[in-house]
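Asks: Handing you a structure now.
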Amino acid sequence: MSIISKYANQGSINVFIFKTESNLLGFAPGFTSGWQDYKILSPFYDVIFVSLEGLKDHNTLTHELGHWFSLDHPFIIDERGQIVYFNKEELSEIGINSSKEYCINHMNYSCCSSTFTDVQLHQQHWFAKTYRNYIAL
Ligand SMILES: [Zn+2]
């Protein structure tokens, strides 16, 4: 029996805290498409994992909730593990229009993150209503 099937509750966002020696602060398993399957597979993807170190970081849980509600990073990591930064136009599509907005964004890995853009908040709200509406909101 997996830890998820043993402890996760259907209809909830389940946060599991784990201990690790790695630098992994947290993760939220999910799909890049097929979001309609979340309801069918609940509670197996209704989980967020945060490490003990992640609990000390002010942004980890908020960042993982952003992923849980469909947000991506404002950059991609290529097949070689290198960060490829979005260009100005790509950042603008997610509401990031300045280097300050990039720096303080919860979906960045910055130490001074403190906000989502209005576009990201709208995306999360739409996603919750459309694909995570089986969770009591
Ligand atoms: Zn992330």
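The values are calculated or read from the model by the stated rules, or taken from the named source; none is laboratory data. This is a predicted model, so every value here is computed, not measured. Here the Cβ positions follow ideal geometry from the backbone for every residue, glycine too, while neighbour counts run over all protein chains shown.
Asks: Please tell me if residue 48 is of a type in the set (Val, Ile, Thr) and in contact with a Leu (Cβ under 9 Å, 6 or more places away or on another chain).
Replies: When the stated conditions are applied, residue 48 passes them.
Asks: Another question, if that's okay. Residues of the range 30-52 being surrounded by fewer than 17 Cβ atoms within 10 Å (Cβ to Cβ) and modelled with pLDDT of 95 or more, which ones?
Replies: 52
Asks: Oh, and also: Is it the case, given these coordinates, that residue 71 is closer than 16 Å to residue 127 by Cα, within 15 Å of the ligand (Cβ to nearest atom) and not polar (S, T, N, Q)?
Replies: Judged against the criteria, residue 71 is a match.
Asks: Now for a separate question. Just checking, which of 39, 6 is without any contact (Cβ under 8 Å) to a residue 12 or more places away in the chain, in a helix (DSSP H, G or I) and not aromatic (Phe, Trp, Tyr)? Working first, answer last.
Replies: On the way: 39 fails: without any contact (Cβ under 8 Å) to a residue 12 or more places away in the chain.
Sole residue among the options that is without any contact (Cβ under 8 Å) to a residue 12 or more places away in the chain, in a helix (DSSP H, G or I) and not aromatic (Phe, Trp, Tyr): 6.
Asks: Looking at (1) away from the ligand (no atom under 12 Å from the Cβ); (2) of a type outside the set (Phe, Trp, Tyr); (3) assigned to a strand (DSSP E or B); (4) within 13 Å of the chain's Cα centre (by Cα), find the lone condition where residue 17 falls short.
Replies: Residue 17 satisfies all of (1) away from the ligand (no atom under 12 Å from the Cβ); (2) of a type outside the set (Phe, Trp, Tyr); (3) assigned to a strand (DSSP E or B); (4) within 13 Å of the chain's Cα centre (by Cα) except (4).
Asks: Is it the case that residue 25 is among the hydrophobic types (A, V, I, L, M, F, W, C), without any contact (Cβ under 8 Å) to a residue 40 or more places away in the chain, buried (at least 17 other Cβ atoms within 10 Å of the Cβ) and within 22 Å of residue 124 (Cα to Cα)?
Replies: Details: among the hydrophobic types (A, V, I, L, M, F, W, C): yes; without any contact (Cβ under 8 Å) to a residue 40 or more places away in the chain: yes; buried (at least 17 other Cβ atoms within 10 Å of the Cβ): yes; within 22 Å of residue 124 (Cα to Cα): yes.
Here the answer is yes, as residue 25 does meet what is asked.
Asks: OK, next. As an exercise: evaluate residue 89 against (1) of a type in the set (D, E, K, R); (2) more than 25 Å from residue 131 (Cα to Cα); (3) modelled with pLDDT under 95 and give the number of the one condition it does not meet.
Replies: Result: residue 89 passes all but (3).
Asks: Being within 16 Å of the ligand (Cβ to nearest atom), more than 16 Å from residue 59 (Cα to Cα), part of a loop (DSSP other than H, G, I, E, B) and in contact (Cβ under 8 Å) with a residue 24 or more places away in the chain is the filter here, so list the residues in the range 84-133 that pass it.
Replies: Matches in the range 84-133: 94 only.
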